[in-house]
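Heads up: the structure comes next, in structure tokens.
The values are calculated or read from the model by the stated rules, or taken from the named source; none is laboratory data. A quick note: this is a predicted structure, and the numbers were derived from the prediction, not measured. Note that each Cβ is placed from the backbone with ideal geometry, even for glycine, and that neighbours are counted across all protein chains shown.
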Amino acid sequence: MNDLRAEALAVTYDDLVALQPLDLTVRPGQLVSVTGPSGAGKSTLLWALAGALRPTGGSVHLGGTALVDREQAAGLGVVVVPQGNGLASSLTAAENIVVPLLSQGVDAEEAHRRTEEALAAVGLEESGNHLIEELSGGQQQRVAIARALAARADVLLADEPTSDLDAANREKAVAALRVEAIRGAIVVMATHDPEAAEQTDAELHLDAGVAQWRRPLTG
Ligand SMILES: Nc1ncnc2c1ncn2[C@@H]1O[C@H](COP(=O)(O)OP(=O)(O)OP(=O)(O)O)[C@@H](O)[C@H]1O
């Protein structure tokens with residue numbers, strides 16, 4: 001698998017500099033947290049890494065390929081767990097996971113197997129048939145994580161994936177992200193949660209768009 005590399009990546013919204021030029025390389029197998037206060041630029045960085053934002057400056061590459069838009073990045077295995085989960089509320093938890101897999105051409109049996117495994121990884125093996133609108137905020141967040149797990153991403157970008165979770169479920173969610181890294185994925189998680197950040201390999205701290213390593217990546 002390929003490195004994810006940002007070079008002089010910068011984002012400005014009108015007059016607001018949301019992300020100052022940033023160089024970052026994350027390798028397969030690494031789990032990195034992005035921390036910082038509200039408005040620091042964490043989501044902006046994740047969306048820029050996801051190819052969803054056209055940066056004002058710099059570039060993002062996955063291996064030798066520049067990420068130019070969200071569709072292309074998704075096709076290269078770049079998966080996002082968005083803040084606010086992005087699930088279809090009138091579908092069941094399992095349908096939210098299985099439908100995108102089927103639309104990507106994953107064989108039906110394999111799609112259902114991955115869905116069951118992913119729901120189990122976040123402790124929701126009993127909730128697959130519940131409509132999203134019937135689930136709590138924390139359960140919905142876990143479904144969003146499960147959907148990303150089932151996608152078998154090369155790059156998994158999770159925006160505050162544990163914000164609505166209690167301690168036990170947070171542990172499970174971070175453990176599931178760790179398993180993704182062990183599988184060989186690049187995993188970047190924005191978080192406000194110091195305990196979740198502590199469990200990652202490195203912590204990049206953002207403040208007013210300026211990034212500094214609190215714990216740098218090694219290896
Ligand atoms: N689409 C947009 N247009 C204009 N300004 C934006 C836009 N999105 C974000 N911003 C601004 O850019 C800055 C960084 O926002 P961003 O959402 O990246 O921060 P964050 O660290 O993820 O915050 P939070 O922890 O609250 O989610 C903020 O000042 C925000 O108001």
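For segment 125-165, filtering for residues that are within 19 Å of the chain's Cα centre (by Cα) and not small (Gly, Ala, Ser) leaves 19. One residue alone among Ser33, Ser38 is over 16 Å from the mean Cα position of the chain (by Cα) and either within 16 Å of the ligand (Cβ to nearest atom) or hydroxyl-bearing (Ser, Thr, Tyr) (or both), and that residue is Ser38.
The single condition from (1) within 12 Å of the ligand (Cβ to nearest atom); (2) touching a strand residue (DSSP E or B) at 6+ places or on another chain (Cβ under 6 Å); (3) not aliphatic (A, V, I, L, M) that Glu7 fails is (1).
One residue stands out in segment 38-97 among those that are of a type in the set (D, E, K, R) and surrounded by fewer than 19 Cβ atoms within 10 Å (Cβ to Cβ): the one that is modelled with the lowest pLDDT, namely Arg54. Which one of these is within 20 Å of Leu87 (Cα to Cα), of a type in the set (A, V, I, L, M, F, W, C) and surrounded by 15 or more Cβ atoms within 10 Å (Cβ to Cβ): Leu165, Leu206? Matching residue, one of Leu165, Leu206: Leu165.
Of the candidates Leu62, Leu87, Leu67, the single residue that is within 19 Å of Leu217 (Cβ to Cβ), more than 12 Å from the chain's Cα centre (by Cα) and more than 13 Å from the ligand (Cβ to nearest atom) is Leu62.
Scan segment 152-159 and tell me whether some residue there is touching a Ser or Thr at 6+ places or on another chain (Cβ under 6 Å) and either in contact (Cβ under 8 Å) with a residue 60 or more places away in the chain or buried (at least 24 other Cβ atoms within 10 Å of the Cβ) (or both). Yes, segment 152-159 contains at least one residue that is touching a Ser or Thr at 6+ places or on another chain (Cβ under 6 Å) and either in contact (Cβ under 8 Å) with a residue 60 or more places away in the chain or buried (at least 24 other Cβ atoms within 10 Å of the Cβ) (or both).
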